[in-house]
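Okay, structure first, notes after.
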Amino acid sequence: MAKILLHKENLFHNLNLILKQAGKIQKVAIVLKDNAYGHGIIEISSLLKEFGIKKAVVKNFKEALKIKDYFDYILVLSNKNFNNFHHNFHFALNCFELIKDLPNNINVHIKVDTGMHRNGILPEQLEDTFFKLVEKNINITGVFTHHKNADNILSKDFEQQNLLFSKIKEEVKKICKRFSIKLPAFHSCNSSALFRHKSIEDDFVRVGIATYGYLETNSKTLPNLKPIMSLWANKVSSRILKKGESVGYGGTYTSKKDISISTYDIGYGDGFLRLNENQHYTTPKGFKVLGRVSMDFLTLNSNEEEVCIFDNVKNLAKIHNTISYEIITTLSKDIRREITK
């Protein structure tokens, strides 16, 4: 049976780099949405708790319920059916019109659109948003934004959004004083933004992809992150592929000599995407994927009982003309996850 190994030492290595950049552990919130970026939300949550992380960020209420016993503070990013089920849940308010749907006494983080133009209230709606939330006795526990281009050091978007968010924070402070309410927590940094700042002035940072060992950025000064996931497959069958014979759908690989080959139990049905036969993939140990990846199997020039398919997805991302996020989040939740040193 195929499996995913989660390397604890690599995770803790990455967390220590994140902690050093953020300043203190109280400033670190780890993003666990979409099954912890494909790594396994329960497995990663257990390791984060062991490390001492207290804050987590998830996509929806369902994910929040899964990890409610692992963290003191959980931010839910994209729920529309709000629920005040648990005291440590905080829900993102992604547009002004949703205020009417919020139940009383819920914990809310106001998302402000500073330039991404995807979710969030407009800056000019800030005072009206506070007024309506206070009117409904809603707890305003956070104000945040999201960077659209922090990974591109050649763009001016990062500086412009930082400047606008700084102005928003000053406005929030004035509004809170006017309404005599507690100042909410401010946060804006994703992984790339975290490593662009010399010091973090916000109350906490939301770290996703860097936790798992990757950064999608064109910066030349990158932290020494280590991928924590490796994908393994087990042999199903072996045979000799004779010279002139082909293997797999379409017969796209034809052997130039007699070779030993084996089929392994991983395929695109498990989230290991089909390869373009014009782009060749080689495993970390040097075995080549021969022909097409099928739904449940792939073929390698190997006879080993168990093979590491990847321990770093950067090369696969290049082959598929995509980013590391897509490769790791595509992996099936049904693949067994195991924690190892």
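The values are calculated or read from the model by the stated rules, or taken from the named source; none is laboratory data. Keep in mind it's a predicted model, so treat the numbers as computed, not measured. Using ideal geometry, Cβ is built from the backbone for each residue, glycine included, and neighbour counts are taken over all protein chains shown. The protein model used for the area step is the full one, side chains on, heavy atoms only, and it has no ligands, DNA or RNA in it. Shrake-Rupley method; radii C 1.70, N 1.55, O 1.52, S 1.80 Å.
All Cα-Cα separations within segment 1-60 were binned at 5 Å from zero, giving a P(r) of 4, 17, 29, 26, 15, 6, 2, 1, 0, each value a whole percent of the pairs. Segment 267-341 to segment 53-110: how many Å between their Cα centroids? With segment 267-341 and segment 53-110 each reduced to a Cα centre, they are spaced 35 Å. Extending 7 Å from Cα along the Cβ direction at N119 and again at N315 yields two label points whose distance is 3.6 nm. Partners of K174 within straight-line reach, counting lysines whose Cα lies under 17 Å from its Cα and excluding those fewer than 8 residues away in the same chain: K132, K182. Note on the chain: with a GNM built from Cα contacts shorter than 10 Å, the maximum mean-square fluctuation among Y37, Y212, Y268 falls on Y268.
Excluding same-chain neighbours fewer than eight residues apart, the aspartates and glutamates reachable from K173 by a Cα-Cα span under 20 Å are D113, E124, E127, D128, E135, E201, D202, D203.
Students often get this wrong: which residues of segment 284-320 have the backbone nitrogen under 14 Å from the point 7 angstrom along Cα-to-C-beta of V236? Answer for segment 284-320: 290, 292-300. Solvent-accessible area per residue in segment 286-328 equals 47 Å², computed with a 1.4 angstrom probe and all protein chains kept. The rule of thumb for compact globular proteins, 2.2 N^0.38 Å, goes into the C-alpha radius of gyration of segment 232-341 1.05 times. The overall shape of segment 280-341 is rounded: from the C-alpha gyration tensor, with semi-axes ordered a ≥ b ≥ c, the ratio a/c is less than 1.5. For the chain, the antiparallel share of DSSP beta bridges with both residues in that region comes to about 40%. You can think of it this way: the chain between K288 and K220 has 21.4 nm of extra reach, that is 0.36 nm per residue less the Cα-Cα gap. Across the accessible surface of the chain, with the other protein chains kept in place and a 1.4 Å probe, carbon and sulfur atoms take up 47 percent. Using Rg/Rh (Cα atoms, Kirkwood Rh) as the read-out, say which of (i) 1.06; (ii) 0.95; (iii) 0.97 was calculated from these coordinates. Derived directly from the coordinates: (i).
Relative to the longest principal axis of the Cα atoms of the chain, the long axis of helix 41-51 makes an angle of roughly 70 degrees. The tail of the calculated P(r) for segment 193-296, taken as Cα-Cα distances beyond 22 Å, holds 51 percent of the pairs. Compared with the dominant Cα axis of the chain, that is its longest principal axis, helix 126-135 is turned about 80°. Largest GNM mean-square fluctuation across K62, K27, K169, computed for the chain with C-alpha springs under 10 Å, falls on K62. Within segment 220-312, the trypsin sites (Lys or Arg not before Pro) that combine a DSSP coil assignment with at most 16 other C-beta atoms in a 10 angstrom radius are K220, K242, K243, K256, K257, R274, K285.
Comparing S219, S45, S191 in a Gaussian network model of the chain, where Cα atoms under 10 Å apart are tied by springs, the biggest mean-square fluctuation is seen for S219.
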